[in-house]
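Down below is the structure, laid out as structure tokens.
Every number in this text was worked out from the coordinates using simple rules, so none of it is lab data. Not measured: the values here are computed from a predicted model. Here the Cβ positions follow ideal geometry from the backbone for every residue, glycine too, while neighbour counts run over all protein chains shown.
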Amino acid sequence: MSDLATESDIERARNDPAFRQQLLAHNLEKLLSALNTMRKNNDKDPKSARLIKEGVDLAVKLADRLHQKERHPGSNAA
């Protein structure tokens, strides 16, 4: 899987639940890695703090989607 999701990846994710989960998990890992790098840089810039907060909010949403699918394997919620 490449670094960025392509249009074909997104189309495939719409039709392939297993691939959708893989895509979500991959992007969650990338997001958490980027957040960790930003945190380590310990930048005191308010813009960075806002971006980290937004990133954490997005990570929580992605994790919720992944766990929701695990709890309800037959649903198409993700």
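Spin-label model, residue 44/residue 4: points 7 Å from Cα along the beta carbon direction are separated by 3.5 nm.
Based on the mean of other beta carbon atoms within 10 Å per residue, what is the order of 16-25, 44-53, most packed first?
For the peptides 16-25, 44-53, the packing ranking is 16-25, 44-53.
What ranking do 55-66, 3-14 get when scored by the average of other Cβ atoms within 10 Å per residue, highest first?
55-66, 3-14
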